[in-house]
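Worksheet: one structure, shown below.
Derivation of every value follows stated rules applied to the coordinates shown; laboratory data play no part. This structure is a prediction, so every number in the text was calculated from the model and none was measured. Ideal geometry is used to build each Cβ from the backbone, glycine not excepted, and the neighbour counts take in all protein chains shown.
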Amino acid sequence: MPAKGTPRVVDAKSTSSGFRNPMHLSLGEILAATEGPEPYDIYRVFKVTEPLAILRIAPDVGPALRPVVEALNALPHGVAVDSLSVDPSILPFEAAEIIVSLPEEEAAEK
């Protein structure tokens, strides 16, 4: 766990499907994760229903995404990629699953 007060980038990716559903990452997100000055964490929110969801965290995904950037850099001139679908299994997700719920008054408003 990072020290308190350490700057980090947090990117939340949600789905009503299960954890293994691919996530969409833009080229900008991938470059921020691999080249940015702060660690880039992905918060995967899945099985989203009212009023519950499950959360898993992948801290500092930059090193896991560096091979992706290398592959993109090897594409022929004139070929560009704006986003990718990424299998969560290639990222360093912690095993802990956190149940997230809306407060009762917010769930009632929906």
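With viscosity set to 0.692 mPa s at 37 °C, what whole-number translational diffusion coefficient in µm²/s follows for the chain from Stokes-Einstein and a Kirkwood radius over Cα pairs? Intermediate values should be presented prior to the final figure.
Working: Rh = 15.4 Å.
D, rounded to a whole number, is 214 µm²/s.
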Task: Charge dipole of segment 9-102 about the Cα centre (unit charges at C-beta), most positive-ward option of ALA33, ILE54, ALA12 - done: ILE54
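For the chain, what does -39500 (n - 2.57) per DSSP helix run (n ≥ 4), summed and divided by total residues, give at 222 nm, in deg cm²/dmol to the nearest 500? It would help to have the intermediate numbers written out before the result.
Values: 3 runs with 27 residues, N = 110.
Computed ellipticity for the chain at 222 nm equals -7000 deg cm²/dmol.
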Task: Rounded to 10°, Cα long-axis angle of helix 62-73 versus longest principal axis of the chain - done: 40 degrees
- [ ] Using amide H atoms built 1.01 Å from N in the peptide plane, name the residues 5+ places from VAL86, or on other chains, whose amide H lies under 5 Å from its own.
- [x] MET23, HIS24, LEU25
- [ ] Could you size up the charge dipole of the chain around its Cα centre, putting +1 on the beta carbon of Lys and Arg and -1 on that of Asp and Glu, and report it in debye to the nearest 20?
- [x] 280 debye
- [ ] Would you mind calculating the relative contact order of the chain from Cα pairs under 8 angstrom and at least 6 residues apart, reporting the percent as a whole number?
- [x] 31 percent
